[in-house]
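Enquirer: One structure, pasted below without further comment.
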Amino acid sequence: MDPHELAKEVVPPVKKAVDTYHTAALIKDPDAEGDPVAENGREILQAVYWRAQPVEPLETAVDDLATSPGDDDAVAELRIQIGKALSADETLVEQVSKLNDERKQQLSACSPAAEKPTANGVERPGRRRPEAEPRGREACDGSLQR
């Protein structure tokens, strides 16, 4: 995937992570109880952060977004910095693509269109034993763990 297109795709969950955790999103430990989108964005941001060289422009972009969450220019700068980091590192592109695909799978599994009522609960595509899984929307309310 093109690094700049990938950057466009991952900025929304990364922004959610920065909105949720502020600059701590760069170093925060995983939170099993946290919002799944924010947690995915945190994982993506940290993957980029630990491989980006130089790291200061990314730190500045995250700080600017944390300080001004509604600023479109801050979001654009974050996207640019993520795109630059991805362009410089093919391994990082693969890692971030994988994390992004996990987010997409999680969102599709949590969408009402993907759920079908059954006698045993809710069937989700790709799930083998729906009766062993959390039922209904509770599986997607933020307690869904990976």
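Enquirer: For residues that are surrounded by 13 or more Cβ atoms within 10 Å (Cβ to Cβ) and in contact with a Leu (Cβ under 8 Å, 6 or more places away or on another chain), scanning just the stretch 66-76, find the one that is nearest to V11 (Cα to Cα).
Expert: Filtering first and then ranking leaves V75.
Enquirer: Quick one: is L6 aliphatic (A, V, I, L, M), at pLDDT 95 or above and in contact with a Phe, Trp or Tyr (Cβ under 7 Å, 6 or more places away or on another chain)?
Expert: No.
Enquirer: Within the stretch 45-77, count every residue that is touching a residue at least 12 places away in the same chain (Cβ under 8 Å), in a helix (DSSP H, G or I) and over 21 Å from D29 (Cα atoms).
Expert: 5
Enquirer: Working only within the stretch 12-36, note down all residues that are buried (at least 20 other Cβ atoms within 10 Å of the Cβ) and under 27 Å from E90 (Cβ atoms).
Expert: Those that are buried (at least 20 other Cβ atoms within 10 Å of the Cβ) and under 27 Å from E90 (Cβ atoms): P13, V14, K15, A17, V18, A25, L26.
Enquirer: Then there's this: List every residue pair whose Cβ atoms lie under 8 Å apart, where the two residues are 6 or more positions apart in sequence or sit on different chains, the first residue falls within the stretch 1-19 and is within 16 Å of A85 (Cβ to Cβ), and the second residue, located anywhere, is surrounded by 14 or more Cβ atoms within 10 Å (Cβ to Cβ) and hydroxyl-bearing (S, T, Y).
Expert: Listed pairs, sorted by first residue: M1/S97; P3/S87; H4/S87; L6/S97.
The values are calculated or read from the model by the stated rules, or taken from the named source; none is laboratory data. Predicted model, so just to flag it, every value in this text is computed and none were measured. Ideal geometry is used to build each Cβ from the backbone, glycine not excepted, and the neighbour counts take in all protein chains shown.
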